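Visitor: Please find one structure pasted underneath; my questions will follow.
The values are calculated or read from the model by the stated rules, or taken from the named source; none is laboratory data. Quantities reported herein were computed from a predicted structural model and do not represent experimental measurements. Here Cβ is always computed from backbone atoms with ideal geometry, including for glycine, and neighbour counts include all displayed protein chains.
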Amino acid sequence: MTARIEKWPGVELGPKDLEGGTVTTVRSRPDARFAWSAGEAMSRFLAELQRGRLIGRRCDGCKRVLFPPRMFCEECFRPTDAWVYVRDTGAIETFSVSYLDTDARRIAEPILVGVVSIDGAAPKMGIMHYFGEMTKDDIRIGMRVKAVWRPPEERTGSVLDIRHFRPLREGEG
Amino acid sequence: MRKVAVVGAGMTIFRRRLQETGKELSFEASRMALDQAKMEISDVNAVIHGTAPDAFDGVHMKGEYLLDGSGGIRKPYMRVYTGGGTGVFSTIAGWWHVASGLADIALVVNEEKMSSCQPHPQSVFAHIWDPILDRPLKPNLVWIFAMEMNRYMTVHGIPYEDIARVAVKNKRNAVGHPCAQLPDANITLEDVMNSEVMAWPVHRLDISPPSDGAAAVVLASEDVVRKRKLRDQAAWIKGVGWCIDSTMWTDRDLVFPEYVNRAAKMAYKQAKIDRPKRQIDFAEPYDPFDYKELHHLEGLGLADKGKAGLMTREGITERDGKLPVCPSGGLLGVGNPIAATMGIKIGELYWQLTGQAGKRQIPHEVHTGVAQAWGDLMQYGSVVVMGA
């Protein structure tokens, strides 16, 4: 019976064993490159970003405005019906104050990142993005925010055409 | 459908780096499970191999690559992969092979080697994100957990210390596990709460480690159990459930894991459980982060929404509590070799239900346990209910 097994299999290595070559190691570095065609919905979405606008797709089955847009509704499982512009304002659904960059390296100045639900889209529908013009002490769930767009000549048709979302000012939206 | 039992289990130690290859680890775990079940590979009718992204190993067709180590040659064989959910899902795949009558004996083997990817598997996790919407933002995997944890804490008003307490409990429970990577008998709540903030609200000690390891279980039909006189070492699979929600994770509220709840209801229905809080004696929910244990207890219907932290504070989920949770030590204490966490989820249910858990044995009698795994982009739940 297993409770009586004394030697469980496995030989532990330390970090130095791989780096220092004390165990036999075979190395390789894959070089794979990709070009994704953005597809019907995302091509329009990215083109609109370059124009400084956010766009969704309406489904007449469930009456939702789907954002980010898709050409079919995954709930109704039917084609969506029309393009609908949504606003560039919304609310912070959740966020993190990250001291890790993309490669898990430590950074001193934290990245504020989270999910914004977009005004004009169906409830809870939004995108992940950065937050700016606020501190880690100001940011909170439910905060109203607005997109800060890069100047037109700097836009490339990417989610990065929005620099970040900043707090909504009095009188806006 | 036929009744199906787990009649043997095996696993390797879990460590940040192991010398053995994935095949060798698979063999070790499989051999132990077969020995425990008093079987040879020739007795096995079908083999199911669970393993997570190919990119960890840098080998595509990973199921085929690992095949020899899991005893699958010249047999009906399949690789299953449902992200972190594989840890429980592969047993579900094994169950349907036997329950359907297609196989009398099935071997389920899960393996993960996360150390091969240099310098850290984080670099391949970057490829799980949507290439158009998410990747330009250069996301780190910890971000999504931080966002989910924040939503869960804030909406319910759960104090961080109620979450950090899960890490303390599980790392202490792991002291009794012979395969554990991060057992700590002396860890305190302050240690967890004062550990480095990685991506607030996630601290370093809220996170399970990347690990290498393998685990295996042998599944058998009721006839096999009777003919081979394995009843004393059999734990029966009473119900299985699985469910996935949309990959569009920024379009749904992360406060509650609806997909886990649906998977649990599917499994409970089959197991004839209508009051899980009363009928489930212990649980092994997926705990790659401490808040996930709480989130999953709520998804599993074992705690009211927003109340799982309170249960932890009151000691209900300790090994000697009313509802022991992660008596194995969990992913937080034993380690997180993605698919191979089967050894501390399905494996722990098996060992507890058959009285083989040694130092980890729950001190009071338990008859029914539930194991659950979770994965992909916060969207996948797999649930197995087992009984003695």
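Visitor: Counting residues that are at pLDDT 95 or above and over 20 Å from B:Met147 (Cβ atoms), which strands (runs of 3 or more DSSP E) fully inside the range A:30-148 reach at least 2?
Guide: On the way: elements: A:54-59, A:64-66, A:82-86, A:89-100, A:106-118, A:126-130.
Per the criteria, A:54-59, A:64-66, A:82-86.
Visitor: If a residue has to be farther than 30 Å from B:Asp223 by Cα and within 11 Å of chain A (Cβ to nearest Cβ) to count, how many in the range B:1-53 make the cut?
Guide: Keep residues of the range B:1-53 that are farther than 30 Å from B:Asp223 by Cα, which gives B:13-25, B:52-53.
Still in the running and within 11 Å of chain A (Cβ to nearest Cβ): B:13-21, B:24-25.
The number of residues fulfilling the criteria is 11.
Visitor: Then there's this: Inside the range B:276-388, counting only strands (runs of 3 or more DSSP E) that do not spill past its ends, which hold 2 or more residues that are of a type in the set (A, V, I, L, M, F, W, C), surrounded by fewer than 24 Cβ atoms within 10 Å (Cβ to Cβ) and touching a residue at least 12 places away in the same chain (Cβ under 8 Å)?
Guide: Details: elements: B:282-284, B:368-375, B:380-387.
Qualifying strands (runs of 3 or more DSSP E): none found.
Visitor: Specify which of the listed residues (B:Val225, B:Val155, B:Val142) is over 30 Å from A:Met143 (Cα atoms) and not in a loop (DSSP other than H, G, I, E, B). Before you say what the answer is, go through the steps one by one.
Guide: Values: B:Val155 fails: over 30 Å from A:Met143 (Cα atoms); B:Val142 fails: over 30 Å from A:Met143 (Cα atoms).
Being over 30 Å from A:Met143 (Cα atoms) and not in a loop (DSSP other than H, G, I, E, B) holds for just one of B:Val225, B:Val155, B:Val142, which is B:Val225.
Visitor: Another question about this same structure. Looking at the range A:12-40 only, could you name the residues that are hydrophobic (A, V, I, L, M, F, W, C) and surrounded by 14 or more Cβ atoms within 10 Å (Cβ to Cβ)? If you could, list the steps in order and put the result at the bottom.
Guide: Taking the range A:12-40 and keeping what is hydrophobic (A, V, I, L, M, F, W, C), we get A:13, A:18, A:23, A:26, A:32, A:34-36, A:38.
Hits for the range A:12-40 are A:Leu13, A:Leu18, A:Ala38.
Visitor: Of all residues in the range A:7-26, count the ones that are among the acidic types (Asp, Glu) and facing chain B (nearest Cβ under 8 Å).
Guide: First, the residues of the range A:7-26 that are among the acidic types (Asp, Glu): A:12, A:17, A:19.
Narrowing the set further to residues that are facing chain B (nearest Cβ under 8 Å) leaves A:12, A:17.
Qualifying residue count for the region: 2.
Visitor: Could you tell me whether any residue of the range B:109-117 is over 25 Å from B:Met32 (Cα atoms) and either of a type outside the set (S, T, N, Q) or within 14 Å of chain A (Cβ to nearest Cβ) (or both)?
Guide: Going residue by residue through the range B:109-117, those that are over 25 Å from B:Met32 (Cα atoms) are B:117.
Filter again for either of a type outside the set (S, T, N, Q) or within 14 Å of chain A (Cβ to nearest Cβ) (or both), leaving B:117.
Checked the range B:109-117: at least one residue is over 25 Å from B:Met32 (Cα atoms) and either of a type outside the set (S, T, N, Q) or within 14 Å of chain A (Cβ to nearest Cβ) (or both).
Visitor: Going by the structure shown, is B:Ile344 closer than 20 Å to B:Ser30 by Cβ and touching a Phe, Trp or Tyr at 6+ places or on another chain (Cβ under 9 Å)?
Guide: Details: closer than 20 Å to B:Ser30 by Cβ: yes; touching a Phe, Trp or Tyr at 6+ places or on another chain (Cβ under 9 Å): yes.
So B:Ile344 fits the description; yes.
Visitor: Just one of (1) surrounded by 17 or more Cβ atoms within 10 Å (Cβ to Cβ); (2) closer than 24 Å to B:Ser382 by Cα trips up B:Val192, so point out which.
Guide: (2)
Visitor: Would you please name the residue that is nearest to the chain's Cα centre (by Cα), looking only at residues in the range B:88-139 that are within 20 Å of B:Ser211 (Cα to Cα) and part of a strand (DSSP E or B)? Please lay out each step first, then the result.
Guide: If we filter the range B:88-139 for residues that are within 20 Å of B:Ser211 (Cα to Cα), which is where we start, we get B:88-90, B:108-128.
Right, trim to part of a strand (DSSP E or B) and you get B:108-113.
Details: B:Val108: 14, B:Val109: 13, B:Asn110: 11, B:Glu111: 12, B:Glu112: 13, B:Lys113: 16 Å.
Applying the filter and picking the extreme gives B:Asn110.
Visitor: When you scan the range A:27-51, how many residues do you find that are facing chain B (nearest Cβ under 8 Å) and of a type in the set (S, T, N, Q)?
Guide: Adding up the residues that qualify gives 1.
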